[in-house]
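Colleague: I'd like to ask you about the structure that follows.
The values are calculated or read from the model by the stated rules, or taken from the named source; none is laboratory data. Keep in mind it's a predicted model, so treat the numbers as computed, not measured. When we count neighbours, we look across all protein chains shown, and the Cβ atoms used for this are built from the backbone with ideal geometry, even at glycine.
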Amino acid sequence: MPGNSSRRGAVRRTGSKKGAQVGSGGQRRRGLEGKGPTPKASERPNHKAYKKPSERKPAGRAGSTRKKSGSTEMIAGRNSVVEALRTEVPISTMYIANRIDSDDRVKEALTLAAEAGIPIMETPRTELDRLTDGAVHQGLAAQVPPYEYAHPQDLVDSEIPGTPLVVALDSITDPRNLGAIVRSVAAFGGHGVVVPARRSAGMTASAWKTSAGAAARVPVAQASNLVRALEDYRKAGFFVVGLDMDGDVELPGLELATSPLVVVVGSEGKGLSRLVRETCDQIVSIPMSSAVESLNAGLAAGVTLYEIARIRGGA
């Protein structure tokens, strides 16, 4: 009513309304907004898996040049474990069954493990069955930790003396072939091996054993994209040559042998993939008798590395 403004308390105040209002002023929208991703269980104080900051593992360093393979691997059986110990496979723990019937292999395994400082765990056979996923372990097994791969660029900056020589594998899935190639690289002065991260053999216990200890001296790098890695090597001054039965040139007297070199070895069945072949500067064939169609990938790499070493004066 007119004149009510003169009554005490009748003056309209601004900014302090009470009661129902038009709109929520954004309160409802803010209440529906997310609060970000749910923290890990180890970071929630009320969770049973909570770990104090001092107990958590530090995050991986950006730009790290090494990558570990996915999981550990178990070697089962007396002969296999002894052979792995002889060839210096990096065993983290050796397991031996309770009340095992000892023979020469068990005694040698215990001696070699003790000399190498490898922990020896005595365990029930049922636990060994579980650890080896039901394999025939004969009371003896060994755990191999994940392999720590190098970065392809590490092989460019290698401290190994001599003209750089790298072997790259294309679609080779047998770890024994990988181990044999690592052994040949060590024998003929190579600087390392590159394998693709997918659809390729990795440094398993089988590869370690076939390398006969050479894997402890020759770095194996893992490339997320093999074609891109080969292109990077070319930019760094390497020539890339691929091995194939239908090559442009034959191996004897390879002119590029004295240059920094990447030798690409394809699978015995499919050979080099199309993109890898197109990336090569030269395709090289190994002359053979007509009675043999092709060589095993490990043998082909060994023959090629020998010839390159011979040309360079190292064999």
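Yes or no, residue by residue, for (1) within 19 Å of Thr163 (Cα to Cα); (2) of a type in the set (Val, Ile, Thr); (3) out of contact with any strand residue (DSSP E or B) (no Cβ under 9 Å at 6 or more places or on another chain):
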site: His191; (1), (2), (3): yes, no, no
site: Pro196; (1), (2), (3): no, no, no
site: Arg199; (1), (2), (3): no, no, yes
site: Trp208; (1), (2), (3): no, no, no
site: Ala212; (1), (2), (3): no, no, yes
site: Ala216; (1), (2), (3): no, no, yes
site: Ser224; (1), (2), (3): no, no, no
site: Phe239; (1), (2), (3): yes, no, no
site: Leu243; (1), (2), (3): no, no, no
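Colleague: Follow-up. Within the stretch 280-296, take every residue that is at pLDDT 90 or above and in contact with a Gly (Cβ under 8 Å, 6 or more places away or on another chain) and give me the one that is nearest to Thr210 (Cα to Cα).
Modeller: If we take residues in the stretch 280-296 being at pLDDT 90 or above and in contact with a Gly (Cβ under 8 Å, 6 or more places away or on another chain), then Val284 is nearest to Thr210 (Cα to Cα).
Listed here are the residues, each with its yes/no results for (1) surrounded by fewer than 17 Cβ atoms within 10 Å (Cβ to Cβ); (2) among the acidic types (Asp, Glu).
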{"residue": "Glu122", "(1), (2)": "yes, yes"}
{"residue": "Thr132", "(1), (2)": "no, no"}
{"residue": "Val136", "(1), (2)": "yes, no"}
{"residue": "Pro145", "(1), (2)": "yes, no"}
{"residue": "Asp157", "(1), (2)": "yes, yes"}
{"residue": "Pro164", "(1), (2)": "no, no"}
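Colleague: Does Thr210 qualify as being at pLDDT below 95, surrounded by fewer than 20 Cβ atoms within 10 Å (Cβ to Cβ) and either of a type in the set (Val, Ile, Thr) or closer than 18 Å to Cys280 by Cα (or both)?
Modeller: no
Colleague: Which condition number does Val182 fail, the rest of (1) assigned to a strand (DSSP E or B); (2) of a type outside the set (D, E, K, R); (3) crowded, with 17+ Cβ neighbours inside 10 Å being met?
Modeller: The one condition Val182 does not meet is (1).
Colleague: Going by what's in this entry, would Arg28 be described as basic (Lys, Arg), farther than 30 Å from Gln153 by Cβ and either assigned to a helix (DSSP H, G or I) or modelled with pLDDT under 80 (or both)?
Modeller: yes
So that you can scan it fast, the table gives a plain yes or no per residue for (1) assigned to a helix (DSSP H, G or I); (2) within 23 Å of Leu112 (Cα to Cα); (3) at pLDDT 85 or above:
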{"site": "Ile160", "(1), (2), (3)": "no, no, no"}
{"site": "Thr173", "(1), (2), (3)": "no, no, yes"}
{"site": "Leu178", "(1), (2), (3)": "yes, no, yes"}
{"site": "Val194", "(1), (2), (3)": "no, no, yes"}
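So that you can scan it fast, the table gives a plain yes or no per residue for (1) over 23 Å from Ala215 (Cβ atoms); (2) of a type in the set (Asp, Glu); (3) outside the structural domain of Thr210 (by TED's automatic domain parsing); (4) touching an Asp or Glu at 6+ places or on another chain (Cβ under 7 Å):
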| residue | (1), (2), (3), (4) |
| --- | --- |
| Pro90 | no, no, yes, no |
| Ala97 | yes, no, yes, no |
| Ile100 | yes, no, yes, no |
| Asp103 | yes, yes, yes, no |
| Pro119 | no, no, yes, no |
| Thr126 | yes, no, yes, no |
| Arg130 | yes, no, yes, no |
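Colleague: Do you know which residues across the stretch 204-220 are part of a loop (DSSP other than H, G, I, E, B), under 15 Å from the mean Cα position of the chain (by Cα) and more than 19 Å from Val262 (Cβ to Cβ)?
Modeller: Correct list: Thr204 only.
Colleague: Report every pair of residues separated by at least 6 positions or lying on different chains whose Cβ atoms are under 7 Å apart, first residue within the stretch 199-228 and in the same structural domain as Ala180 (by TED's automatic domain parsing), second of a type in the set (Asp, Glu) and in a helix (DSSP H, G or I).
Modeller: Lys209/Glu83; Pro219/Asp154; Ala221/Asp154
Colleague: Condition test on Ser200, is it under 29 Å from Glu83 (Cβ atoms) and not in a loop (DSSP other than H, G, I, E, B)?
Modeller: Judged against the criteria, Ser200 is not a match.
Colleague: Can you name every residue in the stretch 229-272 that is of a type in the set (Gly, Ala, Ser), closer than 17 Å to Ser158 by Cβ and either touching a residue at least 60 places away in the same chain (Cβ under 8 Å) or surrounded by 20 or more Cβ atoms within 10 Å (Cβ to Cβ) (or both)?
Modeller: Hits for the stretch 229-272 are Ala229, Ala236, Ser259.
Colleague: Across the stretch 261-271, which residue is modelled with the highest pLDDT among those that are more than 21 Å from Lys235 (Cα to Cα) and of a type outside the set (Gly, Ala, Ser)?
Modeller: Result: Lys270.
Colleague: Determine if the stretch 172-179 includes at least one residue that is buried (at least 19 other Cβ atoms within 10 Å of the Cβ), touching a residue at least 40 places away in the same chain (Cβ under 8 Å), of a type in the set (A, V, I, L, M, F, W, C) and farther than 22 Å from Glu73 by Cα.
Modeller: No, because not a single residue in the stretch 172-179 is buried (at least 19 other Cβ atoms within 10 Å of the Cβ), touching a residue at least 40 places away in the same chain (Cβ under 8 Å), of a type in the set (A, V, I, L, M, F, W, C) and farther than 22 Å from Glu73 by Cα.
Colleague: Mind telling me which of the residues Thr163, Thr126 ends up being out of contact with any Gly (no Cβ under 6 Å at 6 or more places or on another chain), without any contact (Cβ under 8 Å) to a residue 24 or more places away in the chain and of a type in the set (S, T, N, Q)?
Modeller: Among Thr163, Thr126, only Thr126 is out of contact with any Gly (no Cβ under 6 Å at 6 or more places or on another chain), without any contact (Cβ under 8 Å) to a residue 24 or more places away in the chain and of a type in the set (S, T, N, Q).
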